[in-house]
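Student: Handing you this structure, nothing more for now.
The values are calculated or read from the model by the stated rules, or taken from the named source; none is laboratory data. What you see is a predicted model, and the numbers here were worked out from it, not measured in a lab. Here the Cβ positions follow ideal geometry from the backbone for every residue, glycine too, while neighbour counts run over all protein chains shown.
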Amino acid sequence: MKAVGLLVVLGALSAAGEVFHTKVGGTVTLQCGLGIKEVPMVKWYHKDNQIVGTLKNGQTVKGESSMKERIKLKDSSTLEISTVKEEDAGEFTCETVKHTLLVVSVSTTPSGPVQKGSRVDLGCEVKGVEPTPTVQWKRPNGKLQVSSKLESVALSDAGKWMCVFSYGGKEYTDSIQIEVKEPTPSTTTPSATQTSKSASGPSQPKKGVNVKDFLTKWWKWITAGVCCLLLVIIVIASIFFKRIKRKKKLQMLRTGRQSLRAKKYCQCDQPTAARKPQQGRRKGNPPALIL
């Protein structure tokens, strides 16, 4: 009678099963029986659907299920589920043992690093039991968060946030990391008033404008203006010198003409010298006789 009572107690304990919980994408291991590692023939069921079993020769046979490629038997009876999904949550049965798998999905919206002062929504869903357990959030400093919505994130909110819920008299937690960063500085766009002021005169560096870029632009404009001024001066000087040169050339031509006219006048208007009178006949042969 004592042996029978012991078997009944062990059967009752084994039938109670255990509660397992994991995140989406995690791995969980379920045992068939209470402390029994190897069972000659086992059959595992998920929500009354057989997912895997062993034959007398030890061969493993898998049923048609969404987790077919993600399950395997260890020690011929222990069930291992990898890359857990939300639809894997629920009741798993092996012989008289019933386990409950809770799949927890924690998230933030928006995901990834968030800017200081932005809004963040915290999400924590528990799949596998009905009704769904009530969840709470704990801040990185350990204090409870009243709402799952953070209206304005501060730098002190960065860290590990814990999703806490209770089931079967036990408390379970899962966490998510929140990263908060300073907002990136944005360049200010000039308004219509500033545009009209800049059109009427040189603009001054405003608050929020890069002074280095402003000085660089002004230096380029000044350099271009100086180059244009030098070019204008060179053109004017070349025209001026050409005019002076042309004027000198004309003056030299006029001076040369006047000198030529003066010499011609002296040669043409000067009277010819009178012939000297003959003083006696030249000695020589007498003139020939006219026939």
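Student: Out of curiosity, is G35 assigned by TED's automatic domain parsing to the domain that holds P133, at pLDDT below 90, part of a loop (DSSP other than H, G, I, E, B) and under 55 Å from the mean Cα position of the chain (by Cα)? I'd like the intermediate steps shown before the answer.
Tutor: Values: assigned by TED's automatic domain parsing to the domain that holds P133: yes; at pLDDT below 90: yes; part of a loop (DSSP other than H, G, I, E, B): yes; under 55 Å from the mean Cα position of the chain (by Cα): yes.
Criteria met by G35.
Student: Among the residues of the stretch 100-109, are any among the small types (G, A, S) and in a loop (DSSP other than H, G, I, E, B)?
Tutor: Taking the stretch 100-109 first, the residues among the small types (G, A, S) are 105, 107.
In the following step, the residues that additionally are in a loop (DSSP other than H, G, I, E, B) were identified as none.
No, that holds for no residue.
Student: When the stretch 141-171 is examined, which residues are found to be surrounded by 16 or more Cβ atoms within 10 Å (Cβ to Cβ), assigned to a strand (DSSP E or B) and either of a type in the set (D, E, K, R) or in contact with a helix residue (DSSP H, G or I) (Cβ under 7 Å, 6 or more places away or on another chain) (or both)?
Tutor: L150, the sole residue that qualifies.
Student: Something else about it: Being on the phi > 0 side of the Ramachandran plot, crowded, with 19+ Cβ neighbours inside 10 Å and not basic (K, R) narrows it down to one of G117, G128, so name that one.
Tutor: Being on the phi > 0 side of the Ramachandran plot, crowded, with 19+ Cβ neighbours inside 10 Å and not basic (K, R) holds for just one of G117, G128, which is G128.
Student: Can you tell me which residues in the stretch 88-122 are touching a Cys at 6+ places or on another chain (Cβ under 9 Å) and under 13 Å from K23 (Cβ atoms)?
Tutor: The answer is V104, S105, V106, S107.
Student: Of a type in the set (D, E), in contact with a strand residue (DSSP E or B) (Cβ under 9 Å, 6 or more places away or on another chain) and at pLDDT 65 or above - does that describe any residue in the stretch 182-204?
Tutor: So far as the stretch 182-204 goes, yes, one or more of its residues are of a type in the set (D, E), in contact with a strand residue (DSSP E or B) (Cβ under 9 Å, 6 or more places away or on another chain) and at pLDDT 65 or above.
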